[in-house]
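What follows is one structure encoded as structure tokens, with my remarks underneath.
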Amino acid sequence: MANAEWERLKEALKQAPTPEARRQAAEAMRRYLETKRRGSKPTLVSLGFKKTYPHAIPLDKIPEELERSPEFFELFGRIVK
């Protein structure tokens with residue numbers, strides 16, 4: 001099941017960063033995170049300067065950031081690809 005959710009996330013991230021695509025990616029990320037074990041609190045860290053998104057984002061907050069920020073949507077798409 002996790003692999004199917006991961007594939008849905010990758011497909012959503014291939015689209016242009018429209019509000020609908022960002023919403024689809026956020027929902028796919030939420031479903032993917034639900035399939036993973038809970039335990040530690042991993043954080044995605046970006047060392048980029050002058051970005052409109054936070055530099056350290058806990059994994060459980062990534063769906064909200066995907067929906068909110070087209071710039072983060074594009075960054076996350078590059079990470080996943």
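I need every pair where a residue in the range 6-29 that is within 13 Å of Gly77 (Cβ to Cβ) has its Cβ under 6 Å from the Cβ of a residue that is in a helix (DSSP H, G or I) and among the β-branched types (Val, Ile, Thr), sequence separation at least 6 or different chains.
Qualifying pairs under 6 Å: Lys10/Val80; Leu13/Val80; Met29/Ile62.
Scan the range 32-81 residue by residue and report those that are under 21 Å from Gln15 (Cβ atoms) and of a type in the set (Phe, Trp, Tyr).
Tyr32, Tyr53, Phe72, Phe73, Phe76
I'm told Pro17 meets every condition in (1) loosely packed, with under 15 Cβ neighbours inside 10 Å; (2) in a loop (DSSP other than H, G, I, E, B); (3) not hydroxyl-bearing (Ser, Thr, Tyr) except one. Can you identify the failing condition by its number?
(1)
Looking only at the range 20-62, filter to residues that are surrounded by fewer than 16 Cβ atoms within 10 Å (Cβ to Cβ) and of a type in the set (Val, Ile, Thr); which one of those is modelled with the lowest pLDDT?
That would be Thr52.
The values are calculated or read from the model by the stated rules, or taken from the named source; none is laboratory data. Keep in mind it's a predicted model, so treat the numbers as computed, not measured. Here the Cβ is made from the backbone with ideal geometry for all residues, glycine too, and neighbour counts use every protein chain on show.
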